[in-house]
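Have a look at the structure below before the remarks.
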Amino acid sequence: DAGITQSPRHKVTETGTPVTLRCHQTENHRYMYWYRQDPGHGLRLIHYSYGVKDTDKGEVSDGYSVSRSKTEDFLLTLESATSSQTSVYFCAIRGTSGGNEQFFGPGTRLTVL
Amino acid sequence: AQRVTQPEKLLSVFKGAPVELKCNYSYSGSPELFWYVQYSRQRLQLLLRHISRESIKGFTADLNKGETSFHLKKPFAQEEDSAMYYCALSGSTDSWGKLQFGAGTQVVVTP
């Protein structure tokens with residue numbers, strides 16, 4: 001599992017509340033990614049990071065922010081959750097073989113009521 | 001712009017029958033292509049990379065640059081192959097290693 005954990009694993013929240021999801025990795029990987037998974041869309045990239053304080057936007061970044069103050073933690077924040085952000089969120093790290101393969105965390109199932 | 005298309009949302013096959021999952025892509029340069037598998041409510045697992053040309057769990061996939069395809073095949077489907085399968089592409093010049101995923105194909109293998 002490449003030492004990747006996500007917390008919480010499940011969360012139910014209400015529209016308008018802030019939510020922070022955490023991705024933690026134990027193998028000092030530089031590249032980290034956040035995706036959301038929705039039926040009919042596959043996985044779509046939200047934000048990614050090369051290292052501490054080095055992040056950039058992905059395909060569906062509106063309504064999301066990220067922070068990376070330590071190599072091992074990549075946080076995804078929904079400043080004011082909306083029902084359209086109900087999804088399963090996956091964190092990933094880039095492998096170290098020299099290619100672009102990624103390895104995924106177990107996911108966080110978020111429901112916004 | 002790069003794009004990955006998986007035309008089948010659902011593929012239902014009988015145990016022991018061959019299975020082929022289609023993946024077509026558009027990318028102007030040399031792509032790096034992957035197949036991922038996701039068993040029910042679990043994390044995505046890397047199944048195959050085109051550059052390693054290996055066979056995992058009996059699955060193979062060949063990159064056809066002329067047809068811009070990377071179809072996944074298995075000669076004899078097993079019940080444990082029931083899962084969601086995603087094709088993904090990364091641009092060879094993308095130093096960030098971002099992946100573009102297809103919408104996925106749900107495979108159901110019935111006995």
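The values are calculated or read from the model by the stated rules, or taken from the named source; none is laboratory data. Source: prediction; values computed, not measured. Cβ placement follows ideal geometry from the backbone for every residue including glycine, while neighbour counts extend to all protein chains displayed.
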Report task. Report the residue count in the range B:12-32 for those that are of a type outside the set (S, T, N, Q), modelled with pLDDT of 95 or more and within 13 Å of the chain's Cα centre (by Cα). Result -> 6
Query raised in the report: Among the residues of the range B:67-78, is there at least one that is modelled with pLDDT under 95 and of a type in the set (D, E, K, R)?
Result: yes
Query raised in the report: In the set A:64, A:31, which member is among the hydroxyl-bearing types (Ser, Thr, Tyr), touching a strand residue (DSSP E or B) at 6+ places or on another chain (Cβ under 9 Å), crowded, with 18+ Cβ neighbours inside 10 Å and within 17 Å of residue A:110 (Cβ to Cβ)?
Result: A:64
Query raised in the report: Among the candidates A:99, A:107, which residue alone is more than 20 Å from residue B:91 (Cβ to Cβ) and within 11 Å of chain B (Cβ to nearest Cβ)?
Result: A:107
Query raised in the report: Do any residues in the range A:6-21 that are in contact (Cβ under 8 Å) with a residue 24 or more places away in the chain have Cβ atoms under 7 Å from those of residues that are surrounded by 12 or more Cβ atoms within 10 Å (Cβ to Cβ) and of a type in the set (Asp, Glu), where the two are at least six apart or on different chains, and which pairs are they?
Result: A:18/A:79
**Report entry** Residue that is farthest from the other protein chains (Cβ to nearest Cβ), among those in the range B:2-18 that are hydrophobic (A, V, I, L, M, F, W, C) and within 15 Å of residue B:87 (Cα to Cα)
**Finding:** B:11
Report task. For the range B:68-98, name all the residues that are of a type in the set (D, E, K, R) and in contact with a helix residue (DSSP H, G or I) (Cβ under 9 Å, 6 or more places away or on another chain). Result -> B:74
Report task. Among residues belonging to the range A:85-101 that are assigned to a strand (DSSP E or B) and at pLDDT 95 or above, point out the one that is nearest to residue A:29 (Cα to Cα). Result -> A:93
Report task. Confirm whether residue B:49 is touching a Phe, Trp or Tyr at 6+ places or on another chain (Cβ under 8 Å), loosely packed, with under 13 Cβ neighbours inside 10 Å and within 12 Å of residue B:89 (Cβ to Cβ). Result -> no
Report summary line: Considering the range A:68-84, residues that are touching a Lys or Arg at 6+ places or on another chain (Cβ under 8 Å) and either free of Cβ contacts under 8 Å to residues at least 40 places away in the same chain or not in a strand (DSSP E or B) (or both), and then whichever is farthest from the other protein chains (Cβ to nearest Cβ), we arrive at A:69
